[in-house]
Amino acid sequence: MSRFAMVAILAAGTAASALATRPAVAAGPQISEFRLDNGMQVMVIPDHRTPVVTHMVWYKVGSADEQPGKSGIAHFLEHLMFKGTEKHKQGEFSAEVARLGGQENAFTSQDYTAYYQRVAKEHLGTVMDFEADRMTGLKLSDEVVLPERDVVLEERRMRTDNEPGARLGEVLQATTYVNHPYQHPIIGWEHEIRQLNREDALAFYKRFYAPNNALLVVAGDVTPEEVKALAEKTYGQVQPADTPPRARPQEPEPQAHRRVSLADPRVAQPSLQRTYLVPSERTAKSGQRPSEKPTDSEALEVLAQILGGGQTGRLYRTLAAEKSMAAGAGAYYQGTAHDDTRFIVYASPLPNVTLPALEAEMDAVIATLAEEGVSDAELKRAKTQLTADMIYAQDNQATLARVYGAAWATGMDPKDVTSWPDRIKAITTEQVQDAARRYLVNRRAVTGYLEPAPTVAARQNDAPGAPQNKEQAATQPGKDIQQ
């Protein structure tokens with residue numbers, strides 16, 4: 001299931017304008033919203049159980065907002081944001097967070113970049129001051145930028161180039177999107193990362209890092225009034241900028257099933273993975289936000305749970321438990337995205353089971369669901385599991401901050417978060433079957449195989465005209481036998 005789906009139920013509170021809050025829904029937190037004069041949006045999620053706060057700043061910019069030829073610049077800039085400003089030298093912010101006993105990190109996605117700290121509540125003003133300073137005060141030089149570029153290249157080598165599964169995932173994503181910038185990896189293509197420089201980083205920074213392109217989320221032991229006073233004192237002093245609207249090329253309707261394969265000697269477990277191009281939470285709403293009615297997005301969410309929800313999912317139950325063909329199988333839906341997204345199914349075969357045979361059985365499971373639908377019991381179990389997983393995650397205030405930040409950055413409204421559980425509950429068996437019929441079709445899909453690379457001997461024996469055994473090879477002059 002999507003990251004949004006896994007945590008959306010946690011935010012059962014109701015968003016409100018200014019500092020007024022409405023009564024909480026389903027005993028969830030009361031969410032407050034307001035906007036600073038410079039355009040920065042602020043969201044407060046009270047959690048008074050412990051004197052701790054999670055402070056997050058989200059920028060509405062990710063890898064899909066990069067200019068052609070500059071892939072990886074959003075992630076690269078995330079690294080550079082820790083390199084110091086005119087006011088604070090490199091490492092000072094991180095050292096102060098550590099001294100205060102806090103935690104910090106940052107992350108970049110296709111649609112957003114976020115920075116966060118978790119500290120005792122009395123230190124909220126300190127991290128706000130540091131974060132507001134680096135919103136526009138970043139100071140860069142070649143002595144800082146170029147070594148950090150090498151760090152990013154090494155990160156790519158470790159996480160992607162040396163991981164066959166990650167490489168297949170990268171190829172699948174690039175093949176799924178033929179026109180949309182989601183086709184580019186978040187970390188960037190290696191040859192383009194090598195060309196990134198100080199000027200590129202500063203241009204991207206000045207273009208997108210501004211208070212009117214940012215959301216501040218504070219979750220923890222605070223009141224809206226406390227956060228507003230601190231936000232006006234820190235972020236409120238930063239001048240807005242003329243940030244561009246999102247205008248991305250959109251994906252055409254898919255027309256043909258595509259296949260990719262990757263063979264690598266490091267692959268110990270073969271696998272197959274298929275991605276379908278489907279609507280995201282935002283695009284499924286067709287401009288109707290916030291929506292109280294279920295859409296294709298919620299139907300796909302439930303469909304992913306029925307197909308791939310652990311050992312009770314149809315894929316695992318059929319391929320692994322009943323037919324003993326797979327070591328594992330599942331499905332998930334990446335609903336949190338600004339534009340059309342992916343529904344993914346996957347499976348790994350047991351020894352002596354070929355990938356084509358496993359794929360055929362996987363296709364049969366999907367076809368049966370599309371033709372015959374799902375049972376009331378399956379639907380009820382899927383809904384129960386979706387809501388239960390999220391309720392159990394409610395204790396984590398950082399999760400609350402993440403779900404609201406991601407929703408905002410991908411074009412959704414807080415009310416979309418609040419009403420998500422009710423929309424899931426309203427999904428019918430007919431809607432799940434209809435989603436399978438319309439979206440889980442091969443023309444919308446890319447199928448990928450990950451296999452061990454053949455040995456040198458196997459490649460030579462499979463070559464046209466190659467001898468079939470050692471006796472044949474021995475009769476042919478000039479042939480070296482590979483032992």
Practice task
Could you work out how far apart the two model spin labels at Asn105 and Gln239 are, taking each label as a point 7 Å from the Cα in the direction of the beta carbon, and quote it in nm?
Solution key: 3.6 nm
Fill in the blank from the handout: For segment 320-387, averaging the sequence separation of alpha carbon pairs under 8 Å that lie six or more residues apart and dividing by its residue count, the contact order in percent is 23 percent
Completion exercise
In degrees, nearest 10, the alpha-carbon axis of helix 124-136 is tilted away from the dominant principal axis of the alpha carbons of the chain by 70 degrees
Problem - Cα-projected label distance for Ala174 with Gln311, points at 7 Å along beta-carbon direction, nm - result: 3.9 nm
Problem - Where only alpha carbons of segment 110-155 are counted, the Rg and the Dmax (Å) - result: 14.4, 38
Fill in the blank from the handout: With N residues in segment 242-329, Rg(alpha-carbon) / (2.2 N^0.38 Å) equals 1.53
Exercise for the section: Under 17 Å Cα to Cα from Lys293, which aspartates and glutamates show up? Leave out anything in the same chain fewer than 8 places away. Expected result: Glu281, Glu301, Asp413, Asp416, Asp422, Glu430, Asp434
Handout entry: Sequence ranges 123-129, 267-273, 248-254, ranked by mean other-Cβ count within 10 angstrom, highest first
Key = 123-129, 267-273, 248-254
Exercise for the section: Using the Karplus curve 6.51 cos²θ - 1.76 cosθ + 1.60 with θ = phi - 60°, work out ³J(HN,Hα) for each residue of segment 271-285 in order, rounded to whole Hz, and write x for Gly and Pro. Expected result: 7, 10, 9, 10, 10, 10, 7, 9, x, 8, 4, 6, 5, 5, 7
Exercise for the section: Any chance you could give the angle, 0 to 90 degrees and rounded to 10, that helix 224-233 forms with the longest Cα principal axis of the chain? Expected result: 80 degrees
Handout entry: Lys/Arg +1, Asp/Glu -1 at C-beta; the chain dipole; positive extreme among Gly125, Thr368, Val217
Key = Thr368
Practice task
Quick one: what are the phi-derived ³J(HN,Hα) couplings along segment 341-358, Karplus 6.51/-1.76/1.60 with θ = phi - 60°, whole Hz, x for glycine and proline?
Solution key: 10, 10, 10, 10, 10, 8, 7, 10, x, 6, x, 6, 10, 7, 5, x, 5, 5
Exercise for the section: For the chain, find the longest principal axis of its Cα atoms and tell me its angle to the long axis of helix 429-439, 0 to 90°, nearest 10. Expected result: 70 degrees
Completion exercise
Treating every alpha carbon of segment 351-440 as one equal point scatterer without solvent, the Debye formula yields log10 I(q)/I(0) values at q = 0.11, 0.12, 0.20, 0.23 Å⁻¹ of -0.51, -0.59, -1.01, -1.10
Exercise for the section: State, as an integer percentage, the relative contact order of segment 188-326 based on alpha-carbon contacts under 8 Å between residues 6 or more apart. Expected result: 14 percent
Exercise for the section: Report Rg(Cα)/(2.2 N^0.38 Å) for segment 156-239, keeping two decimals. Expected result: 1.63
Handout entry: Cα Rg, Dmax, segment 69-138, angstrom units
Key = 12.7, 44
Fill in the blank from the handout: Share of accessible surface on carbon and sulfur in the chain, whole %, 1.4 Å probe and ligands ignored, is 49 percent
Fill in the blank from the handout: Computed on Cα atoms, the radius of gyration and Dmax of the chain in angstrom are 25.1, 90
Exercise for the section: Calculate, in nm to one decimal, what Asp422 and His257 gain on full extension: separation in residues at 0.36 nm each, minus their alpha carbon distance. Expected result: 55.9 nm
Exercise for the section: With an 8 Å cut-off on Cα pairs and a minimum separation of 6 or more residues, tell me the relative contact order of segment 274-334 in percent. Expected result: 26 percent
Handout entry: Sparse-neighbourhood loop sites, trypsin sites (Lys or Arg not before Pro) in segment 224-329 - DSSP loop, at most 16 other Cβ within 10 angstrom
Key = Arg246, Arg266, Lys323
Practice task
Treating cross-link reach as a plain straight distance, find the lysines whose alpha-carbon is under 29 Å from the alpha-carbon of Lys83, omitting any fewer than eight places away in the same chain.
Solution key: Lys60, Lys70, Lys121, Lys139, Lys206, Lys228, Lys233
Handout entry: Radius 15 Å from Cβ of Asp363, net charge of other residues (Lys, Arg +1; Asp, Glu -1)
Key = +3
Fill in the blank from the handout: For Ala327, other-chain or 5+-apart residues with amide H closer than 5 Å (H placed, Pro excluded) are Ser348, Leu350
Completion exercise
Residue-normalised value, i.e. accessible area per residue, for the chain at 1.4 Å probe, in Å², stands at 44 Å²
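The values are calculated or read from the model by the stated rules, or taken from the named source; none is laboratory data. Since this is a predicted model, take the numbers as computed values, not measurements. Cβ: placed from backbone, ideal geometry, glycine included. Neighbour counts: every protein chain shown. Just the protein is used for accessible areas: all its heavy atoms, side chains included, with ligands, DNA and RNA removed. Shrake-Rupley method; radii C 1.70, N 1.55, O 1.52, S 1.80 Å.
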